[in-house]
1. Examine the stretch 141-155 for a residue that is outside any strand (DSSP E or B), of a type outside the set (Asp, Glu), crowded, with 16+ Cβ neighbours inside 10 Å and at pLDDT 95 or above, and state whether such a residue exists.
2. Checking residue 129 against (1) assigned by TED's automatic domain parsing to the domain that holds residue 14; (2) closer than 24 Å to residue 18 by Cβ: exactly one of these is not met. Which one?
3. Give the residue, chosen from 289, 271, that is surrounded by fewer than 21 Cβ atoms within 10 Å (Cβ to Cβ), over 30 Å from residue 13 (Cβ atoms) and hydrophobic (A, V, I, L, M, F, W, C).
4. Of all residues in the stretch 240-274, which are touching a Pro at 6+ places or on another chain (Cβ under 8 Å) and modelled with pLDDT of 95 or more?
5. Taking the options 75, 21, name whichever one is farther than 30 Å from residue 285 by Cα and of a type in the set (S, T, N, Q).
6. Would you confirm, using the coordinates I've provided, whether residue 41 is of a type in the set (Lys, Arg) and within 30 Å of residue 171 (Cα to Cα)?
7. In the stretch 1-81, which helices (runs of 4 or more DSSP H) lie fully inside it and hold 3 or more residues that are of a type in the set (A, V, I, L, M), over 17 Å from residue 127 (Cα atoms) and in contact with a helix residue (DSSP H, G or I) (Cβ under 8 Å, 6 or more places away or on another chain)?
8. Can you work out which of the residues in the stretch 184-218 that are among the basic types (Lys, Arg) and modelled with pLDDT under 95 is surrounded by the fewest Cβ atoms within 10 Å (Cβ to Cβ)?
Amino acid sequence: MCYSAMIQADYEKYVRHYGATMSLEEFAMNVWAAPDRAKKRRRPKAMEDWFRTLADPKAQEIWHEIQRQRAERETELQQELFKQKKRQADAERALQAKVTKKAQEDLRISTEKISKLKLDLDDLQRVEPLPRDARFFPGNYAPVIVMEGGQKVIKPMRYQCRLPGWTEALERKFPGTYNARRDSIPKTWDKLFGHRHGVIIVNSFFENVERHNMEHRELAEGEKSENVVLEFRPKPEQDMVIACLWNESPDGDEALLSFAAITDDPAPEVAAAGHDRTIIQIKPEHIEAWLTPEGRSLEELQAILDDRPQAYYEHQVSKAA
């Protein structure tokens, strides 16, 4: 399953290369969510930063709200940082008097949290882009290209699809719907396949593997399985156009836009690295047909998924899992 991915961060490239424009209305609704939901709507920093330089007045309104939310988030992080620094100092004083497991754990946990909080604060305040700004995870929102009124439109959607007829309670029982297995489409995804198609543009994707599988060996006696996060990038270097299914669901007095990336049996090099699935990359020339599935046969749509670009997915252990 696709654990996470890096979006194409250059908005102008969406416009120039893919002929897609932003749905300011959908982005506005996503940013100005009800307060209890707004904090749950995490978006890649790179996607938010698109609004920094857009001249459209509505885009600037969205940017000002993003800045307000960042300031609110910064206050929360600063308060938590103060709390963890106090916890760290208390643990250090306690350990000087007597070594206890509680003090050791408090020191370890507070130190780890302080490091993460400082990184989060740096990300909020930083203007210069970094690769991690483009990364999204299940439950986060990412830019999805769909066809609307004959035009390609970018909409923010949650990376975990709520299937037709599902409630929020039912969704919690099946948290893996950020990926749609191709072999389960006829049974699980039939109400979306052939009806609601989208694509995401990514530069790389990440997968969880077990170290012993990556190293092609059995676990040693007494050895525990260790998880490793691998980042896969295509060679030759290219944008990956990933086939997706999406849905619009009622969510209280709002609408939830959500999507899943379609996965298939792994490419040989992905399997050799220890993972059993690969997201499906389609050729750019198939985007138009993929995004307009109504009236097309299932055979034609499956053929698009079969006709993939030439790519070899090189991998490395992720530096920021």
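1. No - not one qualifying residue is present in the stretch 141-155.
2. (1)
3. 271
4. Correct list: 240, 241, 247, 257.
5. That would be 75, the only listed residue that is farther than 30 Å from residue 285 by Cα and of a type in the set (S, T, N, Q).
6. Yes; evaluated as a whole, the condition is true for this residue.
7. It comes to 24-31.
8. Result: 187.
The values are calculated or read from the model by the stated rules, or taken from the named source; none is laboratory data. What you see is a predicted model, and the numbers here were worked out from it, not measured in a lab. We place every Cβ from the backbone using ideal geometry, glycine too, and count neighbours over all the protein chains shown.
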